Amino acid sequence: MTDFSYKPTLTGKLVVLRCLDEGDFPMMKAAMDDPEVTRLTGSHEEISDERAREWLRTRKEQTDRLDLAIVDRSTGDAVGEAVLNEYDPDNRSCNFRILIGPAGRNRGLGTEATKLIVGYGFEELGLHRISLDVFAFNPRAQRAYEKAGFVVEGRLRDALCWKGEWIDSIVMAILEDEWRARTEA
């Protein structure tokens, strides 16, 4: 069985991924207060500061998911989060999600963070499949996921109502053999 209780530190050229904790509250607060982040994540619900702090406090205790802060190596500042969640042990699969706040955009940090955590999922956790959903109004994220090897599998029509407009959700995934082929090439 895959063990998510170990919280690794993953290091790339641009970012370091480390366990998300309460000290990341200012970054998460700034991200969740950013209108672009709320739109791209389809977040309708406002989260109280206390609820957010409690959620951050509990990340190290989780045994069925991996919540990592994305730290920009050039500044040492946390700029987002990368998460493997919704673990299905019978099918060795999980969901991936990522959030990049305003300070981390447009510099390749999200693409590298995606590759690092996906690689960890396949190479260390023994996953077979990692999937995600991305809203159709976020083609920048879809391109980043494709760079990491994710493939479009389908479309959930009218999955999100954002300010009165219906938005499709694009389902993407990568399989362990696809990851292996990319890394061996």
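Miscellaneous remarks
- For residue 159 and residue 123, a Förster radius of 35 Å and the Cβ-Cβ distance give a FRET efficiency of 0.65, rounded to the nearest 0.05.
- Computed over protein heavy atoms with a 1.4 Å probe, the accessible surface of the chain works out to 52 Å² per residue.
- Burial order of peptide ranges 93-99, 126-132 (average beta-carbon count within 10 Å, highest first): 93-99, 126-132
- Net length available on complete extension from residue 107 to residue 146 is 12.4 nm, with 0.36 nm assigned per residue and the Cα-Cα distance removed.
- The chain: C-alpha gyration tensor shape, a/c 1.5 cut-off, then a/b vs b/c: rounded
- The packing ranking of peptides 115-123, 9-17, highest mean first, is 115-123, 9-17, where packing means the average number of other beta carbon atoms within 10 angstrom of each residue.
- Computed over region 101-172, the ratio Rg/Rh where both radii use C-alpha atoms and Rh is Kirkwood: 1.02
- Spatially near lysine pairs across the chain, Cα under 21 Å, sequence gap of 8 or more or different chains: 6
- By the helix-only formula, in which each DSSP H run with n ≥ 4 contributes -39500 (n - 2.57) and the sum is divided by residues, the chain has a 222 nm mean residue ellipticity of -9000 deg cm²/dmol.
- With R₀ set to 35 Å, the beta-carbon distance separating residue 178 from residue 52 gives a calculated FRET efficiency near 0.50.
- Tensor-based shape of region 42-112 (alpha-carbon gyration tensor, a/c under 1.5 rounded, otherwise prolate or oblate): oblate
- Rolling a 1.4 angstrom probe over region 75-185 with all protein chains present gives an accessible area of which 46% lies on carbon and sulfur atoms.
The values are calculated or read from the model by the stated rules, or taken from the named source; none is laboratory data. Bear in mind that the values here come from a model prediction, so they are computed numbers and not experimental data. All Cβ positions, even for glycine, are placed from backbone atoms using ideal geometry, and neighbour counts span all protein chains on display. With ligands, DNA and RNA removed, areas are computed over all heavy atoms of the protein, side chains included. Shrake-Rupley method; radii C 1.70, N 1.55, O 1.52, S 1.80 Å.
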